[in-house]
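This report refers to the structure that appears directly beneath it.
The values are calculated or read from the model by the stated rules, or taken from the named source; none is laboratory data. Since we're looking at a predicted model, the values are computed, not measured. Cβ coordinates were reconstructed from backbone atoms using ideal geometry, including for glycine residues, and neighbour counts include every protein chain displayed.
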Amino acid sequence: MNNTRWLSLIVLCTGFLLIVVDMTIVNVALPSIQRDLGFSQAGLAWVINAYLIAFGGLLLLAGRLGDLFGRKRVFLVGLAIFTGASLLCGLSFNQPMLIAARFLQGIGGAVSSAVILAMIVTLFPKPDEQARAFGVFSFIASAGAAVGLLAGGLITQSVSWHWIFFVNLPVGLVTAVLAVRLLAADPGIGVGKGADVLGAVLVTVALMLGVYTIIQSSDYGLGSLRTLSLGAVSVGLLAAFVWRQAVVRNPILPLRLFASRRVSASNVVQALMSAAFLGFFFLGSLDLQRVLHYSPLAIGLAFLPVAIVMGLFSIRFSALLINRFGPNAVLAAGQAVIVVALALLGFGPTGPDYALNLLVPLALLGLGGGLSFPSLAIIAMSETDPSEAGLASGLLNTSGQVGGAFGLAVLATLAGARAQALVQDGVSSAAALAGGYHLAWLVGAGTVVITLALAVSVLRGRPLMAAEAESVDDEEAA
């Protein structure tokens, strides 16, 4: 049984690896896709945006569907959609087909990934095992990004961009077969416990519109009338959704979930940390490409220290530290390291030497992530009722996606404005770009300072794991 549980974890992580790799592998292939299918620069952005809108908009709903209909069933459905959509992406011969297939791929990614954290909590209720399991999951998440950059460069240069999608087919099929055999079936709590159809429509449309607005703000500006109008509609839909959840008998998102300060604060921390991390990796890739003139493969290799160190600590050391000092202390330590790493990068030279100026900060960033993300997942899921674990999992993922998208839009806007100001002051184009990126990283460091303050002030004490909480309740009842 013990071996089966760890094999099940590997299956879940492999399914998540497909999604993480896909998020970065496409970026490297964009120039080739643009050349072959004749995309304009604005049209090419929709190869990414179509995926992100579907993914970010459906995570919360997909997590709740896992609670209602069974997480194994929902995971398999999402995996099937993702794998099938990958085939359509690879076969695409024109722009509309690729964009539609990417939207479908985002749906599959959201449906499968939304329930994974909940399934891990169910598989590993004991605190020590849960810490190790989340460490493995965090390693997969961090390593997947680097694998995507490397694989994207290799496949695109040696074969063609079509194969960055075709490689998902064998992995997806094998993962599905193993999931059917190894994952324990769970019937779910039943549709009668939470079938709020109108609420599901409101939150899905609100999140999709919100992600769309954030993405498009890079073209129209964060303060433009268009961005503010669409943002207001999105917020209005979210407000209507919250009101409905307060009055409907079977809400899709029970508001009592936010009565837990751990759940609320953890989602805020997830959003802000995702903003800092996503902003660094996106703008860092542009810095390496536009300022230092790295090739796509060299960019992937440059980020390897982050994945290696994060993976080492996620798998080997984070669980030991969490069990010894508690997830909150480890989270705070990890965030402090991230602040130092981003500050070193932000205050570094505009034309850095990799070994002297980038290697150590990147390794520190991996260390901070390896300590922070497993701890945060444990804290966020620790006080969740088992019947709502899928919802909590989807909520945490949604916070990361929406926070990352909004943070990236803000940081990219700040970087662009800073670069433009430096050019007007007579600074060279390369130095101006670097100055903008460095400002964004310093702002990212300030964002993580806020999450550190939340961890120290709000997420105090050692949270009870689900199994421990049930034991305490039984003792008090006795």
Original post:
Looking at (1) buried (at least 19 other Cβ atoms within 10 Å of the Cβ); (2) within 25 Å of L209 (Cβ to Cβ); (3) aliphatic (A, V, I, L, M); (4) modelled with pLDDT of 90 or more, can you tell me which one A54 breaks?
Top reply: (4)
Original post:
Given the structure, is D186 modelled with pLDDT of 75 or more, surrounded by fewer than 23 Cβ atoms within 10 Å (Cβ to Cβ), among the charged types (D, E, K, R) and not in a helix (DSSP H, G or I)?
Top reply: yes
Original post:
Give me the pairs: first residue in the stretch 311-324 and under 21 Å from L17 (Cα atoms), second residue of a type in the set (S, T, N, Q), beta-carbon distance under 8 Å, and six or more apart or on different chains, which are they?
Top reply: G311/S142; S314/S138; S314/S142; S318/S138; S318/S375
**OP:** Six or more apart or on different chains, Cβ under 7 Å: which pairs go from a residue in the stretch 287-298 that's surrounded by fewer than 17 Cβ atoms within 10 Å (Cβ to Cβ) to one that's part of a loop (DSSP other than H, G, I, E, B)? Could you list them?
**Re:** none
Subject >> Selection status of S138, of a type in the set (S, T, N, Q), crowded, with 24+ Cβ neighbours inside 10 Å, in contact with a helix residue (DSSP H, G or I) (Cβ under 6 Å, 6 or more places away or on another chain) and in the same structural domain as G311 (by TED's automatic domain parsing) >> reply: yes
Original post:
Among the helices (runs of 4 or more DSSP H) contained in the stretch 250-322, which hold 1 or more residues that are of a type in the set (G, A, S) and either in contact with a Pro (Cβ under 8 Å, 6 or more places away or on another chain) or closer than 28 Å to L68 by Cα (or both)?
Top reply: 261-286
Original post:
Looking only at the stretch 234-253, which residues are touching a residue at least 40 places away in the same chain (Cβ under 8 Å), surrounded by fewer than 18 Cβ atoms within 10 Å (Cβ to Cβ) and within 22 Å of A389 (Cβ to Cβ)?
Top reply: V248, N250
Original post:
Among A329, A298, which is the only one that is out of contact with any helix residue (DSSP H, G or I) (no Cβ under 7 Å at 6 or more places or on another chain), more than 26 Å from I450 (Cα to Cα) and in the same structural domain as W441 (by TED's automatic domain parsing)?
Top reply: A298
